[in-house]
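**Q** Below are the structure tokens for one structure; questions will follow.
The values are calculated or read from the model by the stated rules, or taken from the named source; none is laboratory data. Treat the numbers as computed from the prediction; the structure is a model and nothing was measured. A quick note on method: Cβ atoms are made from the backbone with ideal geometry, for glycine too, and the neighbour counts reach across all protein chains shown. Just the protein is used for accessible areas: all its heavy atoms, side chains included, with ligands, DNA and RNA removed. Shrake-Rupley method; radii C 1.70, N 1.55, O 1.52, S 1.80 Å.
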Amino acid sequence: MNSTHHSLDYVRKDLPVNFKKIGLILSVVGLILVIAAYYSDPVRSAFNNLVFLMLLTSIGLGAMFLVAIEYIGGAVWSTPFRRIAEFLAAVLILVPIAAIPVYLNLHDLYHWTHTDVVAADKILSSKSPYLNESFMLIRIALFMAIWLIFYKIITGNSKKQDESKDQNLTTKNIKISAIFMPFFALTITFAAIDWMMSLEPHWFSTIYGVYYFSGTVLAGLAAVTFLAVYLNEKGLLVKGLKSDNYYSLGALLFAFTNFWAYIAFSQYMLIWYANLPEETFWYLARWGGNWKFVTLGLLVVHFIVPYFGLLSQPSKMDPKRLKFMSLWILFAHLYDIYWLVMPTFSKESFVFGWIEAGFLSLAVGLILLIFNYKASRENVVAIGDPKLIRGINFRL
Amino acid sequence: MSEKVLYALTGLFETPDQIIDAAEKTSDGGYKKYDVNTPYPLHGMNQAMKLPPSKLGYAALVFGLSGTVSALALMYWMAVIDYAHVIGGKPYFPLPAFVPVMFEVTVLSAAIATVFTMLFVVFKFPNNSHPLHDTEYMKSVSRDKYGICILAEDEKFDENGTLKFLEELGATNITHQYFTEDSYATWWSVLDKKFAGILAVTAIATSLVVYIGLNKVLYMQPFSWMMEQEKLNPQKGSVLFADGFSMRNPVQGTIARGDLPYEYAVDPEGASKLVNPLPITEANLQLGKVKYDIYCSPCHGFMGEGDSRLRGQFPNPPSLHSEKVRDWTDGRIYHVIAMGQNVMPSYSSQLSRNEKWATILYVRALQRSLNAKESDLQ
């Protein structure tokens, strides 16, 4: 059978120089704009910084989740792409740095950090055992430590395997990934609650963590999908990868698009049905002024377009379609975070200007740079993984 | 016994890799009408056989969307057109509440329609006959071998050439498969009377056994329903009392606490002499307005003009602004509220004495709003 590969055909090459060039330009431009933004409008910058932080967290954690779930599920099809997810998980290293400005501007972002406001507010003071600055600082630091420790161990084992080809490393990673999962579930839920839900500390939604999780996985998947298709077309991955190998990426993107819509709609419908003023104000804030159009746009951008774009079976394997849809979904996730965060800052109407563009540019630039950095020092394919050959030969 | 006709040439292979390789070479060799039989689905077979993407998805799409539309149309017709009804304070057309139903019906109709399309269109059910049925070849490929079957009706088919082609592929057990014209007679054997009869009897018997077993013989009440309490219910019999009624009359010569019997039940003229005991205060008028808006306004209208909100489901009452009603004494109106009149029932169980009088004060205020007295203008 001529399409089956029994030996590995991988030569390590550097990524196209564009990665570094575009990454550098975007980062420098972004950094200048971000610094200028903090001088001209610190409050708006702090909110943008939060969007920036959540975007990096989504991509890093989403990629980390994909790595762990591959080990736990024993997935074969994804092995040729796992290293891409591992590189993207390195974005988690940036998360603590991106979080520093958020901590310096806590009072602008979260009104529960003002002790006088909390003292006068019965609901906030009863929430204060959880919502207080020092506890938030401790637990967020703990979450980041957990993410980075698991990132270090799992990707470290994977990297070691490139040389040693030791199968026990896979077994080890399966166990570590299984331990990571409950930590992942708890930390992502509480991180979403702390960073975004507590922007409106009177409001609560028990599905909020799951909502953010669905977006996180989508963002991680979309980034992996885009890079997988792009790098494979440039011939930087192993030989023998065909559109069949993409199919599950497309299918998962489609599945999580539906999952996001399911969760988002469940949250909306329950609040709409119960019609309790303590819950509905959050949606009303996103329905006032021209936020209405952003909210309706979210439905189109985050659900309708990806849904029909990835509905048919051939579209889940078509490289062109996948590249477009994965970039689209990354944009949709950014849109979603913007929609979650910004109404607290600008109540009357949505804002988009050079400040938002600066933070976005910095985020994209940094992700490209960190990916390029990892790819220049490590193999882009997990060449020591015992499942790799089966993964390359995976056919529908 | 009619003449045997060559249906196909079949060959067997030992491993999945071999059969995928064979399928690839067969399609490369220009054969169009051939099939591959394996004990389980093989990854990569679609590409090897160069099969176009399945069209079944279109059936799923069409039926799924018609499910969405019909669910929406049904609910729209029920909730907006036929029986417009306010539920939970939501609008008549509460789209978010409809979405789960639309979603479920979409999934259900897409799934069922896809299965039926596959069964009836692709598999041509109830045709259950195939020339390869009950052949040694079929027994092998449903056990541990991987088979290929090139049909005689293929344009490129040539008995000797194809035989050689299969040999070159490395196939073993190459066999000529025949079918006879009269095998068509067994095409519809699913509908055979004996078979269908036994199927029907089995289905009915199983259903009956399950139903009787679970709902009658083994039935245990899961917990005490609130409806089934050890108490006396109105309009039901009783073994406790000598007369067999569960409803009792009040003890002679007593009245309920906080209640006075209405003594003019059959004497409207006597009731006319009753005087409203309540003074005209804002609190009393407010109480009267609240009670009027709840109990009276559905038929009499908020302004007492007899403009019912019930869309003709109940006869409209006459206006409260007529001269007759304006000339009635408070006591006479009290009598109507207490005893009812024509189709209007008694409101004694809804309104206490004082509430009735307060409502009358409010009715008087409504009347004065349209027909003010000279003294009101001063």
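**Q** Could you identify the single residue in B:334, B:292 that is open to solvent by less than 60 Å² (accessible area, probe 1.4 Å), in a helix (DSSP H, G or I) and under 30 Å from residue B:82 (Cα atoms)?
**A** So the residue among B:334, B:292 that is open to solvent by less than 60 Å² (accessible area, probe 1.4 Å), in a helix (DSSP H, G or I) and under 30 Å from residue B:82 (Cα atoms) is B:292.
**Q** Which one of the conditions (1) open to solvent by 90 Å² or more (accessible area, probe 1.4 Å); (2) within 14 Å of another protein chain (Cβ to nearest Cβ); (3) part of a helix (DSSP H, G or I) does residue B:43 fail to meet, given that it meets all the rest?
**A** Unmet condition: (3).
**Q** Further question: Are any of the residues in region B:61-81 under 25 Å from residue B:139 (Cα atoms), assigned to a helix (DSSP H, G or I) and within 14 Å of another protein chain (Cβ to nearest Cβ)?
**A** no
**Q** Let me ask you something else. Any residue that is under 22 Å from the mean Cα position of the chain (by Cα), within 14 Å of another protein chain (Cβ to nearest Cβ) and among the hydrophobic types (A, V, I, L, M, F, W, C) - is there at least one of those in region A:224-243?
**A** no
**Q** I need the full set of residues from region B:197-242 which are surrounded by 10 or more Cβ atoms within 10 Å (Cβ to Cβ) and of a type in the set (D, E, K, R), in order please.
**A** Selection gives B:236 alone.
**Q** If you take the residues of region A:344-353 that are polar (S, T, N, Q) and not in a helix (DSSP H, G or I), which of them is least open to solvent (accessible area, probe 1.4 Å)?
**A** By that ranking, first place goes to A:346.
**Q** Same structure, new question: Open to solvent by 100 Å² or more (accessible area, probe 1.4 Å) and within 30 Å of residue B:353 (Cβ to Cβ), is that true of residue B:251?
**A** yes
**Q** Hey, can you tell me all the residues within region A:315-337 that are within 14 Å of another protein chain (Cβ to nearest Cβ), of a type outside the set (A, V, I, L, M) and open to solvent by less than 60 Å² (accessible area, probe 1.4 Å)?
**A** Scanning region A:315-337 gives A:315, A:316.
**Q** While we're here: May I ask you to list pairs of residues, at least six apart or on different chains, whose Cβ atoms are under 6 Å apart, with the first in region A:65-76 being on the phi < 0 side of the Ramachandran plot and the second being at pLDDT below 95 and hydroxyl-bearing (Ser, Thr, Tyr)?
**A** A:70/A:78
**Q** Just checking, how many residues over region B:295-313 are surrounded by 13 or more Cβ atoms within 10 Å (Cβ to Cβ) and either without any contact (Cβ under 8 Å) to a residue 12 or more places away in the chain or not aliphatic (A, V, I, L, M) (or both)?
**A** Within region B:295-313, residues that are surrounded by 13 or more Cβ atoms within 10 Å (Cβ to Cβ) and either without any contact (Cβ under 8 Å) to a residue 12 or more places away in the chain or not aliphatic (A, V, I, L, M) (or both) number 13.
**Q** Continuing with this model, one more query. Out of region B:340-352, which residues are in contact with a Phe, Trp or Tyr (Cβ under 9 Å, 6 or more places away or on another chain) and open to solvent by 50 Å² or more (accessible area, probe 1.4 Å)?
**A** Scanning region B:340-352 gives B:343, B:348, B:350.
Let's see how each residue does on (1) open to solvent by 70 Å² or more (accessible area, probe 1.4 Å); (2) assigned to a helix (DSSP H, G or I):
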residue: B:276; (1), (2): no, no
residue: B:279; (1), (2): yes, no
residue: B:318; (1), (2): yes, no
residue: B:338; (1), (2): no, yes
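**Q** Could you tell me which of the residues A:125, A:134 is surrounded by fewer than 18 Cβ atoms within 10 Å (Cβ to Cβ), hydroxyl-bearing (Ser, Thr, Tyr), modelled with pLDDT under 95 and touching a helix residue (DSSP H, G or I) at 6+ places or on another chain (Cβ under 6 Å)? Steps first, answer last, please.
**A** Working: A:134 fails: touching a helix residue (DSSP H, G or I) at 6+ places or on another chain (Cβ under 6 Å).
The match here is A:125.
**Q** Take residues that are at pLDDT 90 or above and in contact with a helix residue (DSSP H, G or I) (Cβ under 7 Å, 6 or more places away or on another chain) and tell me which of the helices (runs of 4 or more DSSP H) falling wholly in region B:131-227 contain 1 or more.
**A** The helices (runs of 4 or more DSSP H) meeting that bar are B:159-169.
**Q** Restricting to helices (runs of 4 or more DSSP H) lying wholly in region A:1-97: which have 2 or more residues that are within 15 Å of the chain's Cα centre (by Cα)? Lay out the reasoning, then the answer.
**A** Values: elements: A:17-40, A:42-73, A:82-89.
Answer list for region A:1-97: A:42-73, A:82-89.
**Q** Continuing with this model, one more query. For region B:20-40, what are the residues that are touching a Leu at 6+ places or on another chain (Cβ under 7 Å) and either assigned to a helix (DSSP H, G or I) or within 14 Å of chain A (Cβ to nearest Cβ) (or both)?
**A** Those that are touching a Leu at 6+ places or on another chain (Cβ under 7 Å) and either assigned to a helix (DSSP H, G or I) or within 14 Å of chain A (Cβ to nearest Cβ) (or both): B:20, B:22, B:25.
**Q** Out of (1) modelled with pLDDT under 90; (2) assigned to a helix (DSSP H, G or I); (3) of a type in the set (A, V, I, L, M, F, W, C), what's the single condition that is false for residue B:266?
**A** Condition (2) is where residue B:266 drops out.
**Q** When you go through (1) more than 18 Å from residue A:199 (Cβ to Cβ); (2) in a helix (DSSP H, G or I); (3) open to solvent by 40 Å² or more (accessible area, probe 1.4 Å); (4) not hydroxyl-bearing (Ser, Thr, Tyr) one by one for residue A:311, which number turns out not to apply?
**A** That leaves (2) as the condition not met.
Residues checked against (1) more than 14 Å from every other protein chain (Cβ to nearest Cβ); (2) open to solvent by 20 Å² or more (accessible area, probe 1.4 Å); (3) touching a residue at least 24 places away in the same chain (Cβ under 8 Å):
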residue	(1), (2), (3)
A:259	no, yes, yes
A:265	no, yes, no
A:280	no, yes, no
A:297	yes, no, yes
A:304	no, yes, no
A:339	yes, no, yes
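**Q** Going through B:8, B:60 one at a time, which residue ends up being touching a Pro at 6+ places or on another chain (Cβ under 8 Å) and at pLDDT 90 or above?
**A** Only one candidate passes the filter, namely B:8.
**Q** Separate question: Within region B:77-94, can one find any residue that is in contact with a Phe, Trp or Tyr (Cβ under 9 Å, 6 or more places away or on another chain), in contact (Cβ under 8 Å) with a residue 40 or more places away in the chain and within 23 Å of residue A:258 (Cα to Cα)?
**A** No, region B:77-94 contains no residue that is in contact with a Phe, Trp or Tyr (Cβ under 9 Å, 6 or more places away or on another chain), in contact (Cβ under 8 Å) with a residue 40 or more places away in the chain and within 23 Å of residue A:258 (Cα to Cα).
**Q** Here's a check for you: in region A:283-295, which residue that is open to solvent by 20 Å² or more (accessible area, probe 1.4 Å) and part of a helix (DSSP H, G or I) is nearest to the other protein chains (Cβ to nearest Cβ)?
**A** A:283
**Q** While we're here: Can you say whether residue A:341 is assigned to a helix (DSSP H, G or I), among the aliphatic types (A, V, I, L, M) and closer than 17 Å to residue A:48 by Cβ, as far as the supplied structure shows?
**A** Yes; evaluated as a whole, the condition is true for this residue.
**Q** To continue, here is another question. Check off (1) under 19 Å from residue B:263 (Cα atoms); (2) touching a residue at least 24 places away in the same chain (Cβ under 8 Å) for residue B:349 and give me the number that stays unchecked.
**A** (2)
**Q** Still on this structure, please answer the following. Criterion first (in a helix (DSSP H, G or I) and closer than 29 Å to residue A:160 by Cα) does residue A:395 satisfy it?
**A** Here the answer is no, as residue A:395 does not meet what is asked.
**Q** Kindly provide the set of residues from region A:174-188 that are buried (at least 20 other Cβ atoms within 10 Å of the Cβ) and either closer than 30 Å to residue A:283 by Cα or of a type in the set (D, E, K, R) (or both), ordered by number.
**A** A:184, A:187, A:188 - these are the residues of region A:174-188 that are buried (at least 20 other Cβ atoms within 10 Å of the Cβ) and either closer than 30 Å to residue A:283 by Cα or of a type in the set (D, E, K, R) (or both).
**Q** Looking at region A:366-396 only, could you name the residues that are aliphatic (A, V, I, L, M) and within 14 Å of chain B (Cβ to nearest Cβ)?
**A** Scanning region A:366-396 gives A:389, A:392, A:396.
**Q** For region A:144-173, what are the residues that are open to solvent by 100 Å² or more (accessible area, probe 1.4 Å) and not in a helix (DSSP H, G or I)?
**A** Selection gives A:165 alone.
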